[in-house]
Amino acid sequence: MKIDYNNIGIGIVTISSVLNLDTQLSIAKITLILPLVTHNECLNYLARSTTQVTSIEKLIAEKTNYFSNINLRYYDSLSLTFSSLQYLIEMGYIEIKDGIIYKIKTLEYNSKMGKRAKKIFQAANNIVSLLSANEDKLYLNLRIQL
């Protein structure tokens, strides 16, 4: 039996962990977060304390196999991303203005959230580094077909 860890709780934790470090992000960049953490090997790599991601190009070159199905993961995670955003808005954690998502309240890590949430919080620094690039550059390098 395969367990699906990619639910609204993980979506909320993932988006919040990144917004804790980068308090405003475009919707286009937010939609790229979940496809990174829904791939277990990619999440494990980004969560390592020894991993220092400097650019999306370098990560793709070094870990090509992590991105072989990123386009599929992107589209599979869109509804989860938007459901998570809706929940975060309704609970007063974020707001959206002119296509930019702003953090209002911080969602802190709690050990009761589980091991996967801990990895996500640990990976947040590297995810923020990846998302610092221009949106067009990110979508082009990840080969997301719009």
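Observations on the structure shown:
- Among the candidates SER16, SER83, the residue that is open to solvent by less than 70 Å² (accessible area, probe 1.4 Å), small (Gly, Ala, Ser), under 22 Å from TYR139 (Cα atoms) and in contact with a helix residue (DSSP H, G or I) (Cβ under 6 Å, 6 or more places away or on another chain) is uniquely SER83.
- Some residue of the stretch 52-64 being within 21 Å of ILE10 (Cα to Cα), open to solvent by 50 Å² or more (accessible area, probe 1.4 Å) and out of contact with any Leu (no Cβ under 9 Å at 6 or more places or on another chain): no
- Selection status of SER129, under 21 Å from ASP22 (Cβ atoms), in a helix (DSSP H, G or I), hydroxyl-bearing (Ser, Thr, Tyr) and in contact with a helix residue (DSSP H, G or I) (Cβ under 7 Å, 6 or more places away or on another chain): no
- Test: residue in the stretch 27-47 that is outside any helix (DSSP H, G or I), over 12 Å from the mean Cα position of the chain (by Cα) and in contact (Cβ under 8 Å) with a residue 60 or more places away in the chain: no
- Restricting the stretch 104-129 to residues that are open to solvent by less than 50 Å² (accessible area, probe 1.4 Å) and either more than 17 Å from the chain's Cα centre (by Cα) or not aliphatic (A, V, I, L, M) (or both), the residue that is nearest to LEU36 (Cα to Cα): ASN126
- Some residue of the stretch 2-10 being at pLDDT below 95, of a type in the set (Gly, Ala, Ser) and assigned to a helix (DSSP H, G or I): yes
The values are calculated or read from the model by the stated rules, or taken from the named source; none is laboratory data. Predicted model, so just to flag it, every value in this text is computed and none were measured. Note that we place each Cβ from the backbone using ideal geometry, even for glycine, and neighbour counts take in every protein chain shown. Calculation scope for accessible area: heavy atoms of the full protein, side chains included, ligands and nucleic acids excluded. Shrake-Rupley method; radii C 1.70, N 1.55, O 1.52, S 1.80 Å.
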